[in-house]
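Before any comments, here is the structure.
The values are calculated or read from the model by the stated rules, or taken from the named source; none is laboratory data. As the structure is a computational prediction, the values presented were derived from the model and not from experiment. Neighbour counts run over all protein chains shown; Cβ positions are idealised from the backbone, glycine included. In case anyone asks, the SASA skips ligands and DNA or RNA and just uses the protein heavy atoms, side chains included. Shrake-Rupley method; radii C 1.70, N 1.55, O 1.52, S 1.80 Å.
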Amino acid sequence: MNRLRELRLEHKERQIDLSVGTDIDTQDISRYERGVTVPSLKRLTIFADYYSVSIDYIVGRSDER
């Protein structure tokens, strides 16, 4: 989930900031960014809404935000 990390860094956020903003555990965010686990569709939707991008952008299927 390189795009998730890229989005977070573009917004100058720490993992804890993303965690607070999305109500998703910091450890889960870390696991997603490291590629240890894959977020559910529900969580992908939360991230997409939070950053105002498409799910396809987050998962790397599109370069259009």
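Tabulated values for the structure
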{"quantity": "Summed residue charge, Cβ within 13 Å of D23's Cβ, Lys/Arg positive, Asp/Glu negative", "calculated": "-2"}
{"quantity": "Top positive-direction residue, dipole computed over the chain with Cβ charges, set S30, L9, I46", "calculated": "S30"}
{"quantity": "DSSP-loop GluC sites (Glu not before Pro) across the range 10-65, with at most 14 other Cβ within 10 angstrom", "calculated": "E64"}
{"quantity": "Local electrostatic count at G60 - Lys and Arg +1, Asp and Glu -1, tallied over other residues with Cβ under 14 Å", "calculated": "-1"}
{"quantity": "Cα-based convex hull, the chain, per residue volume (Å³, whole number)", "calculated": "72 Å³"}
{"quantity": "Residues D56 and I16, FRET efficiency given R0 of 25 Å [Cβ-Cβ distance, rounded to 0.05]", "calculated": "0.40"}
{"quantity": "Accessible surface of the chain [probe 1.4 Å, protein heavy atoms]: carbon and sulfur percent", "calculated": "45 percent"}
{"quantity": "Accessible surface, per residue, of the chain when the full set of protein chains is kept, probe 1.4 Å, Å²", "calculated": "65 Å²"}
{"quantity": "Cut-off 13 Å between beta-carbons: net charge of the residues surrounding R3, Lys and Arg +1, Asp and Glu -1", "calculated": "-2"}
{"quantity": "Residue-by-residue Karplus 3J(HN,Hα) for the range 34-40, coefficients 6.51, -1.76, 1.60, Hz, glycine and proline x", "calculated": "7, x, 6, 9, 10, x, 5"}
{"quantity": "Assigned charges on the beta-carbon of Lys, Arg, Asp, Glu; the chain dipole about Cα centre (debye)", "calculated": "160 debye"}
{"quantity": "Solvent-accessible surface ranking, highest first, for D63, D25 at 1.4 angstrom", "calculated": "D63, D25"}
